[in-house]
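One structure below.
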Amino acid sequence: MATHLPKEKKPTEGRKHQNMQNDTKTSQGQWGRAWEVDWFSLASILFLLMFAPLIVYYFIMSCAQYQCSLADPLLDLLTGNKHLSDIWNSTPTLTYRAAVIYALWVTFQVVLYLFIPDFCHKFLPGYVGGVQEGAVTPAGVVNKYEINGLQAWIITHVLWFANAYCFHFFSPTIIFDNWIPLLWCANILGYAVSTFAMIKGYFFPTNAKDCKFTGNFFYDYMMGIEFNPRIGKWFDFKLFFNGRPGIVAWTLINISFAAKQQELYGQVTNSMILVNVLQGIYVLDFFWNEAWYLKTIDICHDHFGWYLGWGDCVWLPYLYTLQGLYLVYHPVQLHTAHAVGILMLGLLGYYIFRMTNHQKDLFRRTSGNCRIWGKKPEYIECSYTSVDGSKYYSKLMTSGFWGWARHFNYTGDLMGSLAYCLACGFKHVLPYFYIVYMAILLTHRCLRDEHRCSSKYGKDWKRYTAAVPYRLLPGIF
């Protein structure tokens, strides 16, 4: 759903022009969501609005009531063994305890986001934090952001482990023990912030020129009206909800699942450790590169609506952590060779993901005056015309990993996603939802981005795709 989590930018593009604002002022039609809604887009929107919350509930309920079997609930309903009311009545309801936990959690992340300026960039070599500028919006605005996600993650986890080993204010299993009641809290926040963002877009937008209206309520509600809704100078909806509280919670959720496994079985299996380590690397990479995230599709093109608001509050923390949840119900102790193989796959995927993005950023920063794999990078120079009729030039790299495929960073991402799933064995389908979802999401992003680039560059884009013919898998796709 949301998803800030694979980070997308245009393929290896390096621009030439002296004025940053003019350089990025392309036609508004290329920015963000559509101005008009066709029937297919509307049908897709309605499907997601109706069924995405049910999908999340079904997966979580299947684990709680059916030991993570996706087929058994349907079989019970079809054979008449149970009615929908039986399943619903067996589902834990919203509790006061869960509401307090969730309210304190979100409030704590807001405090860390707004009131504690970043200090990590002062002592961590190579880390970019503190106040940073984002991309230019269609209205010509350059927003500033306080990049302190890594700091928030560190503070949160230090306090978590301090409690687990010293203070004992609450059990490390607290998240698992309140998992479904917390789901209702997350839904309340997701719908509340999405609804508020829509009302704000109509009546008091941060920047009216960065709003889009289609006249279709459902599309505007899901895809958002405002480009960068803010409260005050620093509380940016997109940056906060994309990164906090969901992604900070991701590793805590996995740790809580590991603690529950220890409580139930007296040990933490190597598969649970693999899931915690590999997904932890992904989360830390996100926060280490949070400043770079300001130039990704979530910030540069997506408006803020239900897709990001509800998606980041519910879809991300509940469905991206299915492997850890599954391993609580079905602990898997892998053979050493299998565990090492999965670890290598995950680390290789991460290496490809990170190095591919590093090559792209190095190429952009130096306008091609660098060395990739020991030699000067090859590229195709493209041109495009902005809405005001000015002509601009871009360089699209065709060497390094970017000569293998046009979105090879996604290939690495998919390898990592597959590793998470393989750690769970092969007895149930549920843990493999993530790789299926990521494959669909990233393929869709490839097509969406390439459609935008094709419209922008025209014949030059055809030259680029001829030089780099594959999207994700060299020789296949």
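Every test in (1) over 27 Å from Ser271 (Cβ atoms); (2) open to solvent by less than 60 Å² (accessible area, probe 1.4 Å); (3) not in a helix (DSSP H, G or I) is passed by Arg445 save one, and that test is (3).
Just to be sure I understand, how many residues within the stretch 142-169 are assigned to a loop (DSSP other than H, G, I, E, B) and open to solvent by 30 Å² or more (accessible area, probe 1.4 Å)? Let's see the steps before the verdict.
Going through the stretch 142-169, the residues assigned to a loop (DSSP other than H, G, I, E, B) turn out to be 148, 168-169.
Keeping just the survivors that are open to solvent by 30 Å² or more (accessible area, probe 1.4 Å) gives 168-169.
Residues that pass the stated criteria total 2.
Leu104 meets the conditions (1) assigned by the TED database to the domain that holds Trp288; (2) assigned to a loop (DSSP other than H, G, I, E, B); (3) without any contact (Cβ under 8 Å) to a residue 40 or more places away in the chain in every case but one. The failed one is (2). For Asn409, the criteria (1) more than 26 Å from His338 (Cβ to Cβ); (2) open to solvent by 20 Å² or more (accessible area, probe 1.4 Å) hold in every case but one, which is (2). Of the listed requirements (1) at pLDDT below 95; (2) more than 28 Å from Thr385 (Cβ to Cβ); (3) under 20 Å from the mean Cα position of the chain (by Cα); (4) of a type outside the set (Gly, Ala, Ser), Lys427 misses just one: (3). Restricted to the stretch 387-405, and to residues there that are open to solvent by 10 Å² or more (accessible area, probe 1.4 Å) and part of a loop (DSSP other than H, G, I, E, B), the residue that is modelled with the lowest pLDDT is Val387. Whether any residue in the stretch 276-289 is within 30 Å of Trp402 (Cα to Cα), touching a Ser or Thr at 6+ places or on another chain (Cβ under 7 Å) and among the aliphatic types (A, V, I, L, M) is what I want to check. Within the stretch 276-289, one or more residues are within 30 Å of Trp402 (Cα to Cα), touching a Ser or Thr at 6+ places or on another chain (Cβ under 7 Å) and among the aliphatic types (A, V, I, L, M).
Take residues that are within 19 Å of Ala197 (Cβ to Cβ) and tell me which of the helices (runs of 4 or more DSSP H) falling wholly in the stretch 215-325 contain 3 or more.
Working: elements: 217-223, 237-243, 246-265, 270-288, 290-293, 297-300, 306-310, 316-319.
It comes to 217-223, 237-243, 297-300, 306-310.
Taking the numbered list (1) more than 24 Å from the chain's Cα centre (by Cα); (2) surrounded by fewer than 20 Cβ atoms within 10 Å (Cβ to Cβ); (3) closer than 29 Å to Asp118 by Cβ in turn, Pro172 passes all entries but (2). Do you know which residues across the stretch 345-385 are open to solvent by 60 Å² or more (accessible area, probe 1.4 Å) and among the hydrophobic types (A, V, I, L, M, F, W, C)? Of everything in the stretch 345-385, those that are open to solvent by 60 Å² or more (accessible area, probe 1.4 Å) and among the hydrophobic types (A, V, I, L, M, F, W, C) turn out to be Leu347, Leu348, Trp373.
Within the stretch 192-210, how many residues are open to solvent by 50 Å² or more (accessible area, probe 1.4 Å), outside any loop (DSSP other than H, G, I, E, B) and not β-branched (Val, Ile, Thr)? So that I can check it myself, show each step before the final result.
Within the stretch 192-210, the first condition is being open to solvent by 50 Å² or more (accessible area, probe 1.4 Å), and the residues that meet it are 192, 195-196, 199, 202-204, 206, 208-209.
Among the residues that remain, those that are also outside any loop (DSSP other than H, G, I, E, B) are: 192, 195-196, 199, 202-203, 208-209.
Now drop any that are not not β-branched (Val, Ile, Thr), which leaves 192, 196, 202-203, 208-209.
Residues flagged as open to solvent by 50 Å² or more (accessible area, probe 1.4 Å), outside any loop (DSSP other than H, G, I, E, B) and not β-branched (Val, Ile, Thr) within the stretch 192-210 amount to 6.
Which ones in the stretch 423-437 are touching a residue at least 24 places away in the same chain (Cβ under 8 Å) and either part of a helix (DSSP H, G or I) or assigned by the TED database to the domain that holds Leu322 (or both)? The answer is Leu430, Pro431, Phe433, Tyr434, Tyr437.
The values are calculated or read from the model by the stated rules, or taken from the named source; none is laboratory data. Here the structure is a predicted model, which means the values were calculated and not measured. Because the Cβ atoms are built from the backbone with ideal geometry, glycine has one as well, and the counts that use them run over all protein chains shown. Remember, those area values only see protein heavy atoms, side chains included, never the ligands or the DNA or RNA. Shrake-Rupley method; radii C 1.70, N 1.55, O 1.52, S 1.80 Å.
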